[in-house]
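The values are calculated or read from the model by the stated rules, or taken from the named source; none is laboratory data. What you see is a predicted model, and the numbers here were worked out from it, not measured in a lab. As a convention, Cβ positions derive from the backbone with ideal geometry for all residues, glycine included, and neighbour counts pool all protein chains shown. Remember, those area values only see protein heavy atoms, side chains included, never the ligands or the DNA or RNA. Shrake-Rupley method; radii C 1.70, N 1.55, O 1.52, S 1.80 Å.
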Amino acid sequence: MIPAIEQLTELADDPNRFDHSAAELYDVQIAALNERFQARRERIGLLKRRADEAGITAVGRFEDAVALLFPHSVYKSYPERFLTEHRWDRLGTWLGTLSSHPITMTEAADIPGIDQWIERLRTAGHYVSCSSGTTGKPAMLLASEADMAWSRRDTVNLFAWGSGVAPARDRRMMGIGLTASVPKNIVIGKAQQAAYGDPEKEVFRLPVSPLTVEAMTGQVRLRRKITDGTASPAELAAYERTSAQRQAELDRALIAGADAMIEHRTEKLYISGMWSTLYQVAALVRERGFGSADFHPDNCIYVGGGLKRAQLPADYRQFVYETFNIPPGREFQNYSMQELNSGMPKCQGGNRYHVPPWVVPFVLDDAGETLLSRGAGAVEGRAAFFDLSLDGRWGGIITGDRIVLDYRPCACGNRGPSIADSIVRYADMAGDDKIACAGTADAYVRGLA
């Protein structure tokens, strides 16, 4: 008999994978959740602790799984001194408390920085991706080689489904964005390039310095010290100097991006980036007197992430689409996060993000404790997911997002659960993001480290 997890993940290549209703998926998803729980309970310390506290020995309903979800903050629960003092052995021990596979590393005393530590882990088969950490410490998320292979497969399937563009390797790849230089982002970029990029045409990327984890964490720590009033005059001067240099570099890069878009405007383009940089490059292109009529009629675009607090005009999306002549149906947007291994592409007909069968969605109360009604109509609350494709770490996560999950068929025709395009972050709504179980979970992981 085929394991339930395999039954669900095998649907990744099925063009009708989003057309399975929640009721149809119920039994196999429950079985798959229990399979993963039984296989990981003794491997992941925090999972065992959560299960023991809740008295759960098997997952027989979705309420059981809710008690086993991790708050997203747990991936930031390491003591910050492990970074500042280069305690790579202790940081590795902390990471091991959340890993599905034992972490074995050789001597770490010779590692000068976090980027080199991440590279050392990669050579041992452990891939660490980090969030941007714009509001605090970056989350550190461990993945395995199996997870990297899944990301390569999933990203191409998602884009083909959401954009309607077949992977024909006939486009010039235009990277108009700033992404962290971490394993998952690198894997996704290379997979898209291999599937859609014309091998005879050079890939364009904004000419900016790589956004490494070391650079991200250093700036976050310094910003916090400035906010707290503990930064020294020398640190303030260094921060202002670095910020000015980075802004000047970005300004030059945006001009280079506009020049490249204009130069290749008659070619079939695959454009990727985040809204902020895409809008700024589009504005520069318009200032030069170019627009929709000058670009190829079959361009496509991959937009990653949200606004990230960027302040843009209300019509920013249409402005970008019209500038680069993106035809209806060729724009791709995806709802996901570093904590997940899979994406949820937005459909063209219903303007909803579709949840794949191997990702189990939960809508919880604001505290992240109670499962709200499911299976009929739409329900609003805190988003949580269990990604059954994840191998390197536990797949259950309570997010910082408030969503509307709809179990009704979408206008695009698909019957699976989908998420309205109205996602907001709790931190942006109330200036705080409190998950009831976060304190005990974080303390447990810190204690093991």
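Available extension along the chain between Arg43 and Arg241 is 66.7 nm, counting 0.36 nm per residue and deducting the alpha carbon span.
Calculated [222 nm] ellipticity per residue, helices only, for the chain: -12500 deg cm²/dmol; basis is -39500 (n - 2.57) per DSSP H run with n ≥ 4, divided by all residues, nearest 500.
Once the gyration tensor of the Cα atoms in the range 44-133 is diagonalised, the equivalent ellipsoid follows with semi-axes of 30, 14, 11 Å, ordered largest first.
Residue pairs exceeding 24 angstrom between C-alpha atoms, taken from Lys76/Lys184; Lys184/Lys225; Lys184/Lys268; Lys346/Lys434: Lys184/Lys225; Lys184/Lys268; Lys346/Lys434. In the chain, what percent of the accessible surface is made up of carbon and sulfur (1.4 Å probe, ligands and nucleic acids excluded)? C and S fraction of accessible area: 51 percent. In angstrom, the C-alpha Rg and Dmax of the range 221-340 are 17.8, 54.
Under the convention that each Lys and Arg Cβ holds +1 and each Asp and Glu Cβ holds -1, the size of the dipole of the chain around its Cα centre is about 520 debye. Shown is the FRET efficiency for Val424 and Ile262, computed with R0 = 41 Å from the Cβ-Cβ distance and rounded to the nearest 0.05: 0.70. The largest accessible area among Asp19, Asp110, Asp147 belongs to the first residue in Asp110, Asp19, Asp147, and the rest follow in falling order (1.4 Å probe, all chains). For Ile30, the solvent-accessible surface with a 1.4 Å probe is about 20 Å², rounded to the nearest 10. The heavy atoms of Arg317 present about 70 square angstrom of accessible area, all protein chains included, probe 1.4 Å.
Highest first, please rank the peptides 81-88, 318-325 by the mean number of other Cβ atoms sitting within 10 Å of their residues.
318-325, 81-88
Of the residues Cys437, Cys412, Cys300, ranked by 1.4 Å probe accessible area with the largest first, the sequence reads Cys412, Cys437, Cys300. Here the gap between Glu24 and Val203, fully extended at 0.36 nm per residue and compared with their Cα-Cα distance, gives a gain of 60.1 nm. Accessible surface for the chain, divided over its residues, is 43 Å² per residue with a 1.4 Å probe. Dipole check for the range 1-71: with +1 at the C-beta of Lys and Arg, -1 at the C-beta of Asp and Glu, and the Cα centre as origin, the magnitude is about 500 Debye. Distance between the C-alpha centers of the range 10-53 and the range 200-218? Whole Å please. Rounded to whole Å, the Cα centres lie 36 Å apart.
Rolled with a 1.4 Å probe across the full set of protein chains, the surface gives Lys201 an accessible area near 60 Å². Charges were assigned to the Cβ only: +1 to each Lys and Arg, -1 to each Asp and Glu. The resulting dipole of the range 344-398 about its Cα centre is roughly 240 debye. With only Cα atoms counted, the chain has Rg and Dmax values of 22.1, 67 Å.
Only one residue of Thr217, Gln247, Met261 has its Cα farthest out toward the positive end of the dipole of the range 204-262, where Lys and Arg carry +1 and Asp and Glu -1 on Cβ, and that residue is Thr217.
Backbone geometry of the range 220-233 corresponds, through the Karplus equation with coefficients 6.51, -1.76 and 1.60 at θ = phi - 60°, to 3J(HN,Hα) couplings of 4, 4, 5, 4, 5, 5, 5, 4, 6, x, 9, 6, 6, x Hz, x marking Gly and Pro.
At 0.36 nm per residue, and after removing the present C-alpha to C-alpha distance, how many nm does the segment from Glu287 to Thr370 gain when stretched out fully?
24.7 nm
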